[in-house]
Amino acid sequence: MDENALLAAVPDRLFIGGRWVPGSAGLLTVSDPATGREIKSIANASVEDGAAALDAAVAAADAWAATAPRARGEILRRAFDLVQQRRDEFALLMTLEMGKPLAEANGEVTYGGEFLRWFGEEAVRISGRYGTNPEGTGRMIVSQHPVGPCFLITPWNFPLAMATRKIAPALAAGCTVVVKPAELTPLTTLYFAKLLEDAGLPAGVLNVITTSTSGRVSAPIIADPRLRKLSFTGSTEVGRRLLQQASENVLRTSMELGGNAPFIVFDDADLDKAVEGALLAKFRNIGEACTAANRFIVHESVADEFAARVAERVKGMRLGRGTDDGVTIGPLINQEAVDKVAALLDDAVARGASVLTGGSRVHRAGTFFEPTVVTDVRPGSDILREEIFGPVLSIVRFADEDEAVRVANDTEFGLVSYVFTRDLARGQRMIDRLQTGMMGLNVGVVSNAAAPFGGVKQSGLGREGGLEGIHEYLSTKYTLTPDPFGV
Ligand code: NAD
């Protein structure tokens, strides 16, 4: 399918109660960050549309919770198969609305699709416990139940995977959902909703609202006592605000928030592997990943060689529109993102850092920033404290292991850490000492549908994926009955 045919095939309406309906707040326009051109106008939801979406999720909740786990699992499995069939369409759509190179968009289709398969399989494995109480007077039954209607809010950087990572476990657990994708990249979610409709998902189980006024439309949904769960992926700043709102009703929440990943290279590391890992951990998704390595903390004896080698590789990267052959670095999502990256780099340089390659905005249509390597970044620089969310690899030096750990943990975030060492005992010490929800030991990408993804500290609450992921959408019930059942 070519670009125009694909864009025409994407629904331009809200999906509420199994029907595609217009939004009552006019239109929302989506642009291609590689060209700055508008690519599609879609429905813009109002507060009333948001309420209608929650009404639909509430109306469908009991029937969906009572649907056989196998039936829920089979719908997810069909959705997985359809994602494979429509792989090229999803990849192109993500490149068009978000900017990532097509090869990476394809990788996201694989990763995002896997949540459908994984949780389709998990749907039939929801289990409990049964046992005698310690006193020997009764039986204790522990069972799992769907939490009820959920509100799922997703970011723009992984338009498919961030949606499936929430939708698949929620549906597998027997919950109905209202999904609100980011206003910058809503098309992938709309196209995915259509796919779930094709996979046979009953009306009202999944509802999608797209809106340019996220705060206004979301607040009443979060305040509604019929909502039982809020799952959010996005910035820590917005997550904090949503947690405050959720506290009113003591709403269950999952929060996948920002990161500031350290990438530690010890003097005994395999430098070839460390360079490969660094390029992946930094430049995948144009640096716009919560898991992106933000601070390269490199032993002073190998720092110059590491910096020179990554800079050489970065010089060979090709910047351009993600649809073009050979492009490895797409545009940043918008002008604000470019300004932020430029400001962080300016601050680092003003404090004494040196740019080895890149360092500038690119003056062409679209919102591009050169892939950059900056070294000798001084303590206290903003770039070490804030998420860069762009293609800038920033290096600091350390002298011994304790210093590396201290620098790595010196952040309010704790999502993921990367460590390169050939010393197994040191690797184990790093697992114990780094304050992090996830760790890549001699590897630059950790994401996997079968693994629990999530952070500690201000990187969030809860886990997505793995055996843990479905429990975010289940509540535990304990029943006591005298032996034998009190009858
Ligand atoms: P963001 O916080 O600006 O927006 C995320 C979502 O929240 C979007 O859908 C947005 O429309 C919505 N939103 C914004 N304000 C809102 C409000 N007041 N009420 C309700 N919804 C609101 O984040 P972003 O710029 O889209 O994404 C980038 C951020 O997401 C980065 O900080 C990144 O680290 C984080 N992220 C985290 C993970 C993770 O799994 N931990 C994954 C991807 C991205």
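The values are calculated or read from the model by the stated rules, or taken from the named source; none is laboratory data. Bear in mind that the values here come from a model prediction, so they are computed numbers and not experimental data. Note that we place each Cβ from the backbone using ideal geometry, even for glycine, and neighbour counts take in every protein chain shown. Heads up: the accessible areas ignore ligands, DNA and RNA and are worked out on the full protein's heavy atoms, side chains in. Shrake-Rupley method; radii C 1.70, N 1.55, O 1.52, S 1.80 Å.
Data overview
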read-out: Given (1) in a helix (DSSP H, G or I); (2) closer than 18 Å to residue 18 by Cα; (3) not aromatic (Phe, Trp, Tyr), index of the condition residue 122 fails; value: (2)
read-out: Residue ID - nearest to the ligand (Cβ to nearest atom), chosen from residues in region 221-268 that are part of a strand (DSSP E or B) and surrounded by fewer than 22 Cβ atoms within 10 Å (Cβ to Cβ); value: 253
read-out: Tally, over region 436-462, of residues that are closer than 12 Å to residue 256 by Cα, in contact (Cβ under 8 Å) with a residue 40 or more places away in the chain and part of a loop (DSSP other than H, G, I, E, B); value: 4
read-out: Answer from 204, 200 - the residue that is in a loop (DSSP other than H, G, I, E, B), more than 15 Å from the ligand (Cβ to nearest atom) and open to solvent by less than 10 Å² (accessible area, probe 1.4 Å); value: 204
read-out: Subset of region 159-183 [in a helix (DSSP H, G or I) and not small (Gly, Ala, Ser)]; value: 162, 164, 165, 166, 167, 169, 171
read-out: Output for region 269-289, where each listed residue is open to solvent by 20 Å² or more (accessible area, probe 1.4 Å) and within 16 Å of the ligand (Cβ to nearest atom); value: 284
read-out: Boolean, residue 390 is under 19 Å from residue 329 (Cβ atoms) and out of contact with any Ser or Thr (no Cβ under 8 Å at 6 or more places or on another chain); value: yes
read-out: Residue among 364, 378 that is modelled with pLDDT under 95, in a loop (DSSP other than H, G, I, E, B) and either open to solvent by 10 Å² or more (accessible area, probe 1.4 Å) or in the same structural domain as residue 287 (by TED's automatic domain parsing) (or both); value: 364
read-out: Region 290-321, residues that are open to solvent by 80 Å² or more (accessible area, probe 1.4 Å) and outside any loop (DSSP other than H, G, I, E, B); value: 304, 305, 312, 313, 315
